[in-house]
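These notes concern the structure reproduced below.
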Amino acid sequence: MAFIGESGSGKSTCINYFANYFTNSSFSEQHLYSNMKIVIPNSICPTANYPPGSYRHTERDIHNTSESQTQACTVYDFIWNGQLIKVIDTPGFNDTNQSKDDENIQKILKQFAAVPFITAIIITINGTTTRLSTSIKTTLSQLRGSLPDSVFKNLFFILSNCTEETKNFNLKLIAEFNPTTERTFYMQNALFCIKDRSILQNGKLVRRMVRAWEESVDTMETMMNEINRTSSTSVQAFEDMRIRRERLLAHKAMLIVKQKSLLGIMKALAIEEDRLKNANKNKQSNRNYEEDEVITIFEIETKPYYSTLCIQHGDVQICHENCSLSYEPSLNLAHFEHCAAADGKNCRHCKCGMNQHLHSYEIPVPVQTTAKKEILHKKTAFEQACKDVQQIGSQVSQLEYTKRSYQNEVNTIKASLLATIRELKKICTHFNFPEEMNSTIQNLRKEAKIAQDLLAKQEYNNTADAIEQLLRQL
């Protein structure tokens, strides 16, 4: 028997009632609470006393009514009419600490899967509620989306804090659970809700409490007879659902992480592609680092006459072309003092001594030609640009590969997310996948708002749009 319900719906109080019913303990005018079994502490009985020596409750602060008291699933064992009865207490839905709801659902599914079978899932609802508040809507939605379709034939309902005559809750509000009259019960289980023990001095009130207890015993007996007539259901669906919910939670978290990584790579790639573009531009603009230049060179030309040449210079100096002296191919001061180029013992053209002159038929002749001239700064820029193109190109290739890898991972996660949701829908028709994915979509929209560049904003919004489209497809 598993008890589930909204925080504050009387779930723990109902379990204390059944603990006393199974152990044949009771509230009486003479003994009051003295003989009662307390498995879950409360304000009037703040200490558990059952099972003896092993108090397994996981209540938080029994005096704080603003928060769910049960923090984990707890199983209590009872022997009743020769049967072993396992009662499972579960954390409340729609806790004030709403971030724990997903975690609590996983705890419940895991605990249900750990027992051999489930005979009754008892949903507790505060019967004094007059309207379907937001919290009850959320709770019912969470319940409907957390129970496999196969267990709906095992659902029972307890409207707490009321009798059938005093209830305010309209059963039409839970019509989607198909509650039947035989499986809907009313229990005035206020016995453990008393805050002040002094009221127990009021004999009239105590007698009223005894009658209410006795009526509750009759209700529990009727309920147990109906549960005994109910066939147990396999818990495999709970395990299947738990595994897929864990996978869904992991996919949701990983999708954000991988999307951020992908955007980081895309941003780095955009920067490197821009650098590569600039490097290629520099390479192109500096590739012509050579230019044509007209220069004069001297070529040796053989003439039909001989001329006076000075051999003192690196370049042969023609001091007197077509000399009229007799031919003298050797250095000879006495001979060349009579040359028209002579000015005494020196040459009037090159100023060298005439002893450095001789005759030759071969003379240097100036010839203009075109030569390639390197522009040093352009050549340096071109060579650097070539290195940059190679280096940055390699980085771009590596980043493109990484981008494809991350993109494939993101696509795989999206596909797995969709597949997991479809699998969950087969197990639980009313699985509330839009609500499950809403936080992921909101996180993506949030990241899009704070993103610094347009590309990141687009990618985050595109991913959020893709998830919303998947949900519409389902």
Matching residues in the stretch 167-181 - criterion: being open to solvent by less than 80 Å² (accessible area, probe 1.4 Å) and either of a type in the set (Asp, Glu) or in contact with a Pro (Cβ under 7 Å, 6 or more places away or on another chain) (or both): Leu171
Pull up the stretch 231-279, narrow it to residues that are within 30 Å of Phe382 (Cβ to Cβ) and among the small types (Gly, Ala, Ser), then point me to the one that is modelled with the highest pLDDT. Ala279
Let me confirm something: among His349, His359, which residue is over 16 Å from Met266 (Cα atoms), assigned to a loop (DSSP other than H, G, I, E, B) and either touching a Leu at 6+ places or on another chain (Cβ under 6 Å) or touching a residue at least 12 places away in the same chain (Cβ under 8 Å) (or both)? His349
Quick one: in the stretch 298-320, which of the residues that are open to solvent by less than 60 Å² (accessible area, probe 1.4 Å) and touching a Leu at 6+ places or on another chain (Cβ under 8 Å) is nearest to Lys378 (Cα to Cα)? Ile318
When you go through (1) part of a loop (DSSP other than H, G, I, E, B); (2) more than 14 Å from Cys319 (Cβ to Cβ) one by one for Val365, which number turns out not to apply? (1)
In the set Thr370, Thr402, which member is assigned to a helix (DSSP H, G or I) and of a type outside the set (A, V, I, L, M, F, W, C)? Thr402
Can you name the strands (runs of 3 or more DSSP E) wholly within the stretch 121-235 that have at least 1 residues being over 21 Å from Ile85 (Cβ atoms), touching a helix residue (DSSP H, G or I) at 6+ places or on another chain (Cβ under 8 Å) and not β-branched (Val, Ile, Thr)? 184-187
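Taking the criterion of being open to solvent by less than 60 Å² (accessible area, probe 1.4 Å), farther than 30 Å from Asp292 by Cα, modelled with pLDDT of 90 or more and touching a helix residue (DSSP H, G or I) at 6+ places or on another chain (Cβ under 6 Å), would at least one residue in the stretch 379-392 satisfy it? Before the answer, list the steps.
Initially, the stretch 379-392 is screened for residues open to solvent by less than 60 Å² (accessible area, probe 1.4 Å), giving 379, 381-382, 385-386, 388-389, 392.
Filter once more, so that each one left must be farther than 30 Å from Asp292 by Cα: 392.
Of the ones still in play, those that are also modelled with pLDDT of 90 or more are 392.
Narrowing further to those that are touching a helix residue (DSSP H, G or I) at 6+ places or on another chain (Cβ under 6 Å): 392.
Taking every residue of the stretch 379-392 in turn, at least one turns out to be open to solvent by less than 60 Å² (accessible area, probe 1.4 Å), farther than 30 Å from Asp292 by Cα, modelled with pLDDT of 90 or more and touching a helix residue (DSSP H, G or I) at 6+ places or on another chain (Cβ under 6 Å).
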Condition met for Gln452 (without any contact (Cβ under 8 Å) to a residue 12 or more places away in the chain, outside any helix (DSSP H, G or I) and closer than 21 Å to Gln259 by Cα): yes
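Is it true that some residue in the stretch 432-446 is touching a residue at least 24 places away in the same chain (Cβ under 8 Å), closer than 24 Å to Glu273 by Cα, open to solvent by 40 Å² or more (accessible area, probe 1.4 Å) and not in a helix (DSSP H, G or I)? Talk me through it step by step, then tell me what you get.
The initial filter retains those residues of the stretch 432-446 that are touching a residue at least 24 places away in the same chain (Cβ under 8 Å), namely 432-437, 439-441, 443-444.
Restricting the remaining residues to those that are closer than 24 Å to Glu273 by Cα gives none.
Looking through the stretch 432-446, none of the residues is touching a residue at least 24 places away in the same chain (Cβ under 8 Å), closer than 24 Å to Glu273 by Cα, open to solvent by 40 Å² or more (accessible area, probe 1.4 Å) and not in a helix (DSSP H, G or I).
Any idea how many residues of the stretch 272-297 are assigned to a helix (DSSP H, G or I) and open to solvent by less than 90 Å² (accessible area, probe 1.4 Å)?
Of the stretch 272-297, the ones assigned to a helix (DSSP H, G or I) are 272-285.
Applying the additional criterion that residues be open to solvent by less than 90 Å² (accessible area, probe 1.4 Å) yields 272-274, 276, 278-280, 282-283, 285.
Number satisfying all stated conditions: 10.
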Would you pick out the residues in the stretch 362-385 that are hydroxyl-bearing (Ser, Thr, Tyr) and either without any contact (Cβ under 8 Å) to a residue 40 or more places away in the chain or on the phi > 0 side of the Ramachandran plot (or both)? Thr380
Tally time: how many residues in the stretch 344-358 are surrounded by fewer than 19 Cβ atoms within 10 Å (Cβ to Cβ), within 16 Å of Glu321 (Cα to Cα) and of a type outside the set (A, V, I, L, M, F, W, C)? 2
Which of (1) within 60 Å of the chain's Cα centre (by Cα); (2) surrounded by fewer than 12 Cβ atoms within 10 Å (Cβ to Cβ); (3) among the polar types (S, T, N, Q) does Gln398 not meet, given it meets every other one? (2)
Taking the stretch 215-225 and keeping only residues that are touching a residue at least 40 places away in the same chain (Cβ under 8 Å) and open to solvent by 30 Å² or more (accessible area, probe 1.4 Å), one is left with Glu215, Val217, Glu221
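The values are calculated or read from the model by the stated rules, or taken from the named source; none is laboratory data. Predicted, not measured: the structure shown is a model, and the values here were computed from it. Please note: Cβ atoms are built from the backbone with ideal geometry, for glycine as well, and neighbour counts cover all protein chains shown. Please note that ligands, DNA and RNA were not included when accessible areas were found on the heavy atoms of the full protein model with its side chains. Shrake-Rupley method; radii C 1.70, N 1.55, O 1.52, S 1.80 Å.
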